Every structure is written in C-alpha cells, then in structure tokens.
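Derivation of every value follows stated rules applied to the coordinates shown; laboratory data play no part. Keep in mind that this is a model prediction, so the values were computed, not measured. Quick reminder, even Gly has a Cβ in these numbers, built from the backbone with ideal geometry, and neighbours come from all protein chains shown.
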Amino acid sequence: MKEEATSRNGKRKRQRNPKTPKEEPNETPKNQNNDKKRQRDAKTQKSNQHGGSSALSKRPKPSNFLDTVLSLLSFSSLHLIAVEVTEVLNCFTKNLQLREKLSGGNFRRLNEKLYTCSGKEALDYFNEDPTLFDMYHTGYQQQMTNWPELPVNSIINWLSFRRSSLVVADFGCGDARIAKSVKNKVFSFDLVSKDPSVIACDMSNTPLESSSVDVAVFCLSLMGTNYSSYIKEAHRVLRPSGWLLIAEVKSRFDPNNGGADPKDFVKAVSDLGFCSSLKDFSNKMFILLHFKKKAEPISLRAVASWRPKLHGSDSRFNLVRSFAASGRYQTGRASGLLFWCVVSCSGLG
Ligand code: SAH
C-alpha cells in the first residue's frame, strides 16, 4: 500500500514536475537542434535589423504568404515600370518623327512659295506671319544636315583669306552665319530680321549706298521669280572690281534635267556688268561662281539682245531666260513647280 501510495505520489509528482529523470529523454539532440536553429534565426533577424552590409543577401526567404505576395508585387511593379518607360520612349520617338515629317513638309511648301513668287510677295508673305520664316529655317537647317559640306562655309573660308577691311553684303543671309564668322564689316539682308544685325527687306531694294561694298554674296538665295533684279542690286552697291560670289544648288544648273546651262547663266550675269573669275563644279550639291564687277556701266543692250537656249519641253523653265527677261518675265505656277521639283530632288526641297 505504502509502495503504491509512493508510486501514486511519485506519479503525481512526475505529473507535476516535468523535469523528472524519466523525462530526460525529452532533451534529445533534436530539441537541442531546434534551440540552436531558433538562436540562429534570432541572430539573423538582429543582423538584418541592423542593416549589415550583407543584409540583402542574408534576407530570409519569404516564409509566409504575405512575404511571397509582396516579393511578387515588387517584381511585377518593376516589370510594369519597365513597360511604362518603354512605352513613353516609343511615344516620344514617334512624336519626334512626326514633327520632323511635318517640318519637312512645311519647309517644302515654303520653299516652293519662295521659288514661285517675287521678292516683294515673299516679303509681304513673311511679314504677315513671321513664324513661317522660323518654320522655313527649321526645315532648311534640317535639310542642310544631309549636305556633306555647306556652301556658306566655302564663302567664309574664301573671306578668311582676304583682307578683313573688305565690306561684305550678304543677300538672303538666313541666320547671318557669315557676319558671325568673319572679322569684316558685313551687311546682312533677309526677308525677316531674327537678329538685330539683320536688315529686313526685299533684297532687290537694299538701303545700301551705291558703290559702297567690296563683296556681294548670294548663298543659295537666288530665289524668287525676279532674282535677276537681286544681281542688278548687287551690281549697284558693289564698288568697281568688287566681288560677286554665288553659290547655288547644283541641280538648278543641270541642263539634262531641265536646269539652266551654267555657261548661259555665266554669260547672262556677265552681261549685267561682271567678269567671270571662277566656276567651281567640284562639289556634289552646289556650284560656286565668282565674278568681278566691270569698271564700265551695265550694257543693257547686251542683255536685251541675248537669246536663251531652251532646254526641255517647257521653255518657261529656264533659269537664264527668266534671269535675262527680268522685269517683264511672268513666271507661271507650272514652271515654279517644275523648278521646285528639281530643287527637291537636290535635297534642298
Ligand atoms: N544664305 C543663307 C540662307 C540661305 S536660305 C545660308 O546659306 O545659310 C535662302 C534665304 O534667302 C532665306 O533666308 C530667304 O528668306 C532669303 N530670301 C529669299 N528671297 C529673298 C528676298 N527677296 N529678299 C531677302 N531675302 C530673301
């Protein structure tokens, strides 16, 4: 009985106190391992909280559903951001291409306008809406990026080898690059003045004194149906023996494609009181023609008696003819359009 009681007590005791020798086997290596693992986890968490250098690499793998969703979300939001950025970039590129196309189209339209109206009409046209001039020049600059060499740079180069005391008149100066690049005194003329140094006028009628300049420049600016009157104006303002420098789109002087014969053009200019001093056809895109003003007055009779050699089926489409017949020459829209086509093919249009 006593034994039973003891054993009963003992049982009771065992039940009350779990640390009985009989329960020793509970302290197995497995449990010890669990304890170690818990300690390790606690350490890891602590080091992550302190943001150690390897905090990211030591970051525990998502251990529950929330962690997994969060990590998935951060991945998918990164992916979404990448997609968004790509779309914005694509949109931006398309916009740029569209704007380039539009400005190219506007340029062609305005270029055609300048080649098919008189200088006076062009002046009125741009005066009504000067933003058209900006539009024209944005397109012009864009076209010029396709030219391996700019004619205006050839002229600047020519001037740099001459006395800086020579007075220059830049007819149809555009962005007045010559004035900005040389030491000479340069009078810059264009239809619209975007710079205080540029005088806005139709260049057939400049405010310059007669015989007051040494060099007259027309760089891709012999536009307009009355462009021979620009050359006459240059003759008026040039001193005797002064230089006339002309750079023009090469295709305008290709008789095989309906352009003027360069020889006829040179002769027509000479007849206005100049001597030809240089014909440079070496460039792919433009030609350079240099003249010197003759000492004697213009032989108007020579110009009047000059008869153009006609090229192509449309006799109106002739640079030299329209030049010689200035003042009475009425350019039809068709001839202007044809001319524009040639200029377009050259890359200017
Ligand atoms: N010479 C410059 C710009 C050439 S574009 C260059 O080589 O970079 C032709 C320029 O001639 C245009 O700016 C146009 O406005 C100008 N132009 C055309 N007809 C004109 C006229 N009648 N009077 C003044 N400028 C004219």
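Miscellaneous remarks
- In the stretch 155-231, taking the dipole from charged Cβ atoms about the Cα centre, the farthest positive-side position among Ser221, Ala179, Ser164 is held by Ser164.
- Set Lys194/Lys293; Lys250/Lys293; Lys232/Lys279; Lys263/Lys284 screened for pairs whose C-alpha atoms are more than 27 Å apart: Lys194/Lys293
- The stretch 108-163, dipole about Cα centre (Lys/Arg Cβ +1, Asp/Glu Cβ -1), debye to the nearest 20: 320
- Computed from label points 7 Å out along Cα-Cβ, the spacing between Met144 and Ser197 is 1.4 nm.
- With R₀ fixed at 56 Å, the C-beta to C-beta distance from Asn106 to Ser71 puts the FRET efficiency at about 0.60.
- Taking other residues whose beta carbon is less than 14 angstrom from the beta carbon of Leu159, and scoring Lys, Arg as +1 and Asp, Glu as -1, yields +4.
- Spin-label pair Asn64/Leu80, simplified geometry with 7 Å Cα→Cβ offset, distance in nm: 2.4
- The mean sequence distance of close C-alpha pairs (under 8 Å, at least 6 residues apart), as a share of the length of the stretch 224-283, puts its relative contact order at 25 percent.
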